[in-house]
1. Checking the conditions here, which among 50, 36 is buried (at least 17 other Cβ atoms within 10 Å of the Cβ), in a helix (DSSP H, G or I), among the small types (Gly, Ala, Ser) and modelled with pLDDT of 70 or more?
2. Quick check, is residue 102 more than 26 Å from residue 17 (Cα to Cα), loosely packed, with under 15 Cβ neighbours inside 10 Å and modelled with pLDDT of 85 or more?
3. Would you mind finding the one in 17, 24 that is at pLDDT 80 or above and either open to solvent by 60 Å² or more (accessible area, probe 1.4 Å) or among the β-branched types (Val, Ile, Thr) (or both)?
Amino acid sequence: LSINKLFQTTDIVRFLEETEVVPETLVVVVGPRSRAHALAHPKLHDTLHAFYLTTHDPSTPPDTSCSPGECEGEVEVYRRCLYCRGGQPGVTLLDRWHPLAGFVNNRSLIP
């Protein structure tokens, strides 16, 4: 799924509400960092593998400090976590990928 000017978060929500999502479903959403919360939708409650990919936006500060130009081309990978907010579902930054360096933390996307 892609969140862009034509396909908004409300469209993603409507799509999820009309789709039979089972725990084994792999969900990958691409869009701006500001919309990563789409993974917290209740329809994904039991989904084990839900990811949100976004490119680094130079107009917004990254989650960690980058030197000028260092984050260009970087992809941030967010994951839906089932119990990360005091036992409640949430969205967390899993890793970053850079075209010249690969994954920063070398975490497995699907354990």
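The values are calculated or read from the model by the stated rules, or taken from the named source; none is laboratory data. Owing to the predicted nature of the structure, the values given are computational and were not obtained by experimental measurement. Here the Cβ is made from the backbone with ideal geometry for all residues, glycine too, and neighbour counts use every protein chain on show. For the accessible areas, the whole protein counts, side chains as well, though only heavy atoms, and no ligand, DNA or RNA atoms are used. Shrake-Rupley method; radii C 1.70, N 1.55, O 1.52, S 1.80 Å.
1. Only one candidate qualifies: 36.
2. Answer is yes for this residue.
3. It is 24.
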